[in-house]
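Undergrad: Mind looking over this structure? Questions follow.
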Amino acid sequence: MSNIAQDQWSRVKGRLRSSVGEDVYSSWFARMDLESVQQQSVHLSVPTKFLRSWIQAHYADRVLTCWQAEIPAIDRIDLTVRSAARCVTPVKDTTTAADPRRATDRDQTRPAPELRVTASAPVSAGHDALGGSPLDPRLTFASFVVGRSNTLAQAAARQVAEGRRGDNVMFNPLYIHAGVGLGKTHLLQAVTWAGNANPDRKVLYLTAEKFMYGFVAALKTQNALAFKEALRGIDVLVIDDLQFLQGKSTQAEFCHTLNALIDAGRQVVIAADRPPADLESLDDRVRSRLAGGLVVEMGSLGEDLRLGILKSRVAAARTHHADFDVPAPVLDYLAKTITHNGRDLEGAVNRLLAHSKLNAQPVTLEMAEREVRDLIRPQEPKRIKIEDIQRVVARQYNVSRSDLLSSRRTANVVRPRQVAMYLAKTLTLRSLPEIGRRFGGRDHTTVLHAVRKIEALVSKDIALSDEVELLKRQLQE
Ligand code: ADP
Ligand code: MG
């Protein structure tokens, strides 16, 4: 594809990202790729049917508008599910392994060939009635690098993986949350591999999508009972990307399954891109059940961890490409500049490998700078949480957080509470009902009232407007 098209695509993605916000963008669009641009239409692809139908139902217009801002003549977007066997780039003497999850996430700005000679085709966890989601043989504990931001999550995951049938379950469910590319899937698959190494234990890894499709498909074939039985017959249920769980009946089923497993002393491990309290579409009972185990957040990857991940990736590549070598200064450079997430680190190593193979040239700093230029992104704005807002506002106005959540109506708490709700609406992507719920179970109209009130006041009241600005700055630091 031409560079022009790729540049256009990067700009469109940028627009989309700022239009829907980072959370939505990374949930739904991170895996969308550009296939081609015609005069009036654009062909895009996503890895799963589920993503396609969701994007079509909710974001079709938005995507079109973002393209029209780039090329006004575009009047149609074709969205297809890309086949697993798509080859990214023809690379001699290697097989491009078919693994849709790996197809680079965001930028196809330059071909990022998957240089893997080993059979890394996904293998199924192999529980027939259910059919787990594909596992990637590279995602094991051995290749998971531990650093400050993930020590606790890794330790808890190890503990779970090493448990035996009949052992007391220490924390259930184990709930791991983190932003995109910070290692959730890696850790969950490591648990699955390690757990299944023990022959008398059944660990089932499912993406939330798979859970939904399994259930829906089972219902269609009147086989729901068998599905439930199969699910309940396993020792450890691992569910990835829980934020994608949608639909009332699937949720109800998820809730039953969760309760049944936990009550039977089986382990449940879950990953999502947000804490349980922020899973807006789940009902309260499920949320509190999820929050009742161990909830661990994995933070962003620090520089040491990034360096460790790069080294481990290079070492893995060297087992098949012995002459591939990345000098220490290049590794340092990459660890310093590619700050966003693990996928970009992986992408960078793949590019260097591709480049050095295709051109038969050693990796140098200049080459690395050129090859990874577009992976270097400005620091993402911080993900602000409602709790942080409540804490900072309470401190500023010298009230307690529980005052903010209480039903007290004295002026000294009413105003701070309104300010906090206003900030929650403007600084997070949470909906009004969700914000109401997080402020002591208030109605969404109360939140709306507060937002309007503060909006109106800041336009007149300079002191208040300064206060609000100050609060925003503290939160965004
Ligand atoms: P998530 O599921 O959180 O979006 P992934 O588990 O898919 O993220 O990780 C993205 C990439 O970064 C993968 O290639 C993964 O192997 C790598 N990665 C992330 N964290 C680590 C880590 N601690 N050690 C090794 N590799 C990591
Ligand atoms: Mg993942």
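The values are calculated or read from the model by the stated rules, or taken from the named source; none is laboratory data. Everything numeric here is computed off the predicted structure, so don't read it as measured data. Glycine also receives a Cβ, built like all others from the backbone with ideal geometry; neighbour counts cover every protein chain displayed. Protein only, heavy atoms only, side chains kept; ligands, DNA and RNA dropped before computing areas. Shrake-Rupley method; radii C 1.70, N 1.55, O 1.52, S 1.80 Å.
Undergrad: Relative to the Cα centre, what is the charge dipole magnitude of the chain, using +1 at the beta carbon of each Lys and Arg, -1 at the beta carbon of each Asp and Glu, and rounding to the nearest 20 debye?
TA: So the dipole magnitude of the chain works out to roughly 880 debye.
Undergrad: Nearest 0.05, what FRET efficiency do residue 303 and residue 460 give at R0 = 56 Å with Cβ-Cβ as r?
TA: Details: r = 46 Å, r/R0 = 0.82.
Computed FRET efficiency for residue 303 and residue 460: 0.75.
Undergrad: Still on this structure, I have one more. Give me the distance in nm between label points sitting 7 Å out from Cα along the Cα-to-Cβ direction at residue 152 and residue 3, one decimal.
TA: If labels sit at residue 152 and residue 3, their model points lie 4.7 nm apart.
Undergrad: Going from most exposed to least, what order do 472, 184 have by accessible area with a 1.4 Å probe? It would help to have the intermediate numbers written out before the result.
TA: Numbers: 472 40, 184 15 Å².
Result of the area sort, largest leading: 472, 184.
Undergrad: Over the heavy atoms of residue 170, what accessible area does a 1.4 Å probe trace out, to the nearest 10 Å²?
TA: That residue has around 130 Å² of solvent-accessible surface.
Undergrad: Starting from the Cα of residue 76, move 7 Å in the Cα-to-Cβ direction to define the label point; list residues of the stretch 18-54 whose amide nitrogen is under 17 Å from there.
TA: 35-45
Undergrad: Could you check what % of the DSSP bridge pairs in the chain are antiparallel, to the nearest 5?
TA: 20 percent
Undergrad: Mind checking which lysines have their C-alpha under 17 Å from residue 453, skipping anything on the same chain fewer than 8 residues away?
TA: 425
Undergrad: OK, next. Could you give the nm distance between label points at residue 57 and residue 414, where each point is 7 Å from its Cα heading toward the beta carbon?
TA: Those two pseudo-labels are separated by 4.2 nm.
Undergrad: On to the next question. Provide the FRET efficiency to the nearest 0.05 for the residue 252-residue 320 pair, computing r from the beta carbons and using R0 = 35 Å.
TA: 0.15
Undergrad: Another question about this same structure. Place a label point 7 angstrom from the Cα of residue 453 along the Cα-to-Cβ direction, then list the residues of the stretch 413-431 whose backbone nitrogen is under 17 Å away.
TA: Residues passing the 17 Å test: 413-426.
Undergrad: Rounding to the nearest 20 debye, state how big the charge dipole of the stretch 386-476 is about its Cα centre with +1 on each Lys and Arg Cβ and -1 on each Asp and Glu Cβ.
TA: About 220 debye.
Undergrad: Might you work out the accessible area of residue 406 for me, using a 1.4 Å probe with all protein chains in place, and round it to the nearest 10 Å²?
TA: Rounded to the nearest 10, that gives 30 Å².
Undergrad: Between residue 142 and residue 283, what length in nm is gained on full extension when 0.36 nm per residue of separation is reduced by their alpha carbon distance? Intermediate results must be reported in sequence, preceding the final value.
TA: On the way: separation 141, 0.36 × 141 = 50.76 nm, distance 3.68 nm.
In short, 47.1 nm is gained.
Undergrad: If packing is taken as the average number of other Cβ atoms within 10 Å across a peptide's residues, how do 294-305, 268-279 rank, most packed first?
TA: 268-279, 294-305
Undergrad: How do 454, 262, 376 rank by accessible surface area computed with a 1.4 Å probe, from largest to smallest?
TA: 376, 262, 454
Undergrad: Next question. Report ³J(HN,Hα) in whole Hz for each residue of the stretch 288-296, in order, from the Karplus equation J = 6.51 cos²θ - 1.76 cosθ + 1.60 where θ = phi - 60°; Gly and Pro get x.
TA: My calculation for the stretch 288-296 gives 6, 5, 5, 6, x, x, 9, 10, 10 Hz in order.
Undergrad: What does the accessible area per residue of the chain come to in Å², with a 1.4 Å probe and no ligands, DNA or RNA counted?
TA: Values: 21960 Å² over 477 residues.
About 46 Å² of surface per residue is accessible.
Undergrad: Tally Lys/Arg at +1 and Asp/Glu at -1 over every other residue whose Cβ is under 13 Å from the Cβ of residue 157; what's the total?
TA: 0
Undergrad: Between residue 401 and residue 198, with labels modelled 7 Å along Cα→Cβ, what's the label distance in nm to one decimal, could you check?
TA: My value for the distance between the label points is 3.5 nm.
Undergrad: Counting only protein heavy atoms and a 1.4 Å probe, tell me what percentage of the stretch 151-255's accessible area is made up of carbon and sulfur. Please report the intermediate quantities before stating the final value.
TA: On the way: 2300 of 4260 Å².
Summing carbon and sulfur atoms, their accessible area is 54 percent of the total for the stretch 151-255.
Undergrad: Same structure again: Applying the Karplus parametrisation 6.51 cos²θ - 1.76 cosθ + 1.60 with θ = phi - 60° to the phi angles of the stretch 458-475, what ³J(HN,Hα) value in whole Hz is obtained for each residue in order, glycine and proline being reported as x?
TA: Here the 3J(HN,Hα) series is 5, 6, 10, 9, 5, 4, 5, 4, 5, 4, 5, 4, 4, 4, 4, 5, 4, 6 Hz.
Undergrad: Near residue 49, which aspartates and glutamates are there with a Cα under 12 Å away, not counting those fewer than 8 places off in the same chain?
TA: List returned: 209.
Undergrad: Carbon and sulfur: what percent of the stretch 308-406's accessible surface (1.4 Å probe)?
TA: That share works out to 53 percent.
Undergrad: Tell me, rounded to the nearest percent, the portion of alpha carbon pairs in the chain spaced more than 42 Å apart.
TA: More than 42 Å apart: 22 percent of the Cα pairs in the chain.
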